[in-house]
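**Q** Provided herewith is a single structure, encoded as structure tokens, for subsequent inquiry.
The values are calculated or read from the model by the stated rules, or taken from the named source; none is laboratory data. Note that the structure is predicted; figures quoted are calculated from it, not measured. Neighbour counts are summed over all protein chains in view; Cβ atoms, including those assigned to glycine, are modelled from backbone coordinates with ideal geometry.
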Amino acid sequence: MRGERDNIINREREFHNTRFSHGEDPRRYLDKWYQTIRHGAERQDEEIKRLSKDADVLEYGCSDGGWSLYSLHLTDICRSLAGIDVSDVAVSKATERARKIGAANATFVAMNAEAMSFEDNRFDLVHGRGIVHHLDLERCFAEVARVLKPGAVASFYEPMGHNPLLNAYRRRTPDVRTVDEHPLLMSDLALAHRYFDDVQVEYFGLCSVGSALMPSGVRELAYAAGKAIDAVVLTLPFVKRFAWHALLTLRN
Ligand SMILES: C[S@@+](CC[C@H](N)C(=O)[O-])C[C@H]1O[C@@H](n2cnc3c(N)ncnc32)[C@H](O)[C@@H]1O
């Protein structure tokens with residue numbers, strides 16, 4: 001089991017080191033699809049900024065640090081920012097970026113998210129995007145719960161794995177994915193209850209995803225309409241599993 005897990009971690013490191021060694025992100029062409037679920041990402045951004053004030057913050061699976069440092073400007077509001085990622089290439093980039101903007105309260109370290117070297121009860125907030133579905137969930141949830149202070153929060157925006165159309169698209173685009181990643185299932189979300197006292201899940205991206213296929217002149221209109229329909233249908237118990245992304249808010 002341990003050897004098998006080590007192989008997966010090594011594959012993840014190799015894949016992402018190659019990805020972050022290129023000047024241009026090979027996933028760029030997916031941007032128009034990610035635009036269709038940006039309202040979930042924006043919701044998470046707002047929550048992270050609110051919870052980061054004077055807080056000790058960890059970005060879990062931080063890649064090149066761009067999200068916390070450049071999009072959210074977390075180092076201007078938090079007490080400390082730590083970022084970990086299995087890719088040492090990504091972590092070097094993040095460290096260089098922090099140096100460039102003079103963010104003395106930021107530290108980035110190459111580390112396995114399933115076995116972190118931080119002490120218990122270290123962080124007020126752990127946040128991540130597109131990381132949990134690369135990990136063994138029992139180890140991930142146990143580690144996140146361990147490093148959070150009592151009452152502190154973790155926030156993750158992650159892809160779901162029930163929608164057959166999205167899964168067909170994933171099968172057609174293997175080059176931008178690792179072989180071991182596993183978009184989350186409802187049973188994975190249920191597992192979170194074992195590690196956290198409070199588990200909130202919101203779902204994003206069912207009808208809104210179709211707006212990516214619309215001509216640019218009507219795309220924003222289609223996005224707004226899709227979003228409005230999703231706000232209703234993605235509260236229905238059997239429908240929500242077909243959303244593209246879930247926003248998880250986990251509290252110790
Ligand atoms: C899909 S990328 C998401 C990166 C970033 N959060 C974003 O939204 O662009 C997944 C990230 O998880 C990292 N990762 C995968 N397995 C990991 C592990 N076991 N420990 C730490 N980081 C890991 C990868 O190196 C990569 O940076």
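**Q** Which pairs do you get when a residue that is loosely packed, with under 15 Cβ neighbours inside 10 Å and among the β-branched types (Val, Ile, Thr), found in the range 170-185, comes within reach of a residue that is outside any loop (DSSP other than H, G, I, E, B) and at pLDDT 95 or above, reach meaning Cβ atoms under 8 angstrom, with the pair 6+ apart or on two chains?
**A** Once the first residue is loosely packed, with under 15 Cβ neighbours inside 10 Å and among the β-branched types (Val, Ile, Thr) and sits in the range 170-185, its partners that are outside any loop (DSSP other than H, G, I, E, B) and at pLDDT 95 or above give 179/11.
**Q** If you scan the range 167-200, which residues turn out to be among the hydrophobic types (A, V, I, L, M, F, W, C) and touching a Ser or Thr at 6+ places or on another chain (Cβ under 8 Å)?
**A** Step one: of the range 167-200, the residues among the hydrophobic types (A, V, I, L, M, F, W, C) are 168, 176, 179, 184-186, 189-192, 196, 199.
Of everything in the range 167-200, just one residue is among the hydrophobic types (A, V, I, L, M, F, W, C) and touching a Ser or Thr at 6+ places or on another chain (Cβ under 8 Å), namely 199.
**Q** For the range 54-76, check the following and say yes or no: at least one residue is of a type in the set (Val, Ile, Thr), farther than 22 Å from residue 173 by Cα and modelled with pLDDT of 95 or more.
**A** Yes, the conditions are met somewhere in the range 54-76.
**Q** Further question: Take the residues in the range 90-114 that are touching a residue at least 40 places away in the same chain (Cβ under 8 Å) and within 9 Å of the ligand (Cβ to nearest atom); name whichever of them is nearest to the chain's Cα centre (by Cα).
**A** Keep residues of the range 90-114 that are touching a residue at least 40 places away in the same chain (Cβ under 8 Å), which gives 90, 93, 106, 108, 112-114.
Applying the additional criterion that residues be within 9 Å of the ligand (Cβ to nearest atom) yields 90, 112-114.
Working: 90: 15, 112: 15, 113: 13, 114: 15 Å.
Step by step, filter the range 90-114, then rank; the result is 113.
**Q** From 72, 81, 58, grab the single residue that is buried (at least 19 other Cβ atoms within 10 Å of the Cβ), under 14 Å from residue 131 (Cβ atoms) and in contact (Cβ under 8 Å) with a residue 24 or more places away in the chain.
**A** 58
**Q** Test residue 12 against the criterion of being buried (at least 16 other Cβ atoms within 10 Å of the Cβ) and of a type outside the set (A, V, I, L, M, F, W, C), and give yes or no.
**A** In short, yes.
**Q** Please specify each residue of the range 4-18 satisfying the condition of being charged (D, E, K, R) and either near the ligand (Cβ under 8 Å from one of its atoms) or farther than 11 Å from residue 178 by Cα (or both).
**A** 4, 5, 6, 12, 13
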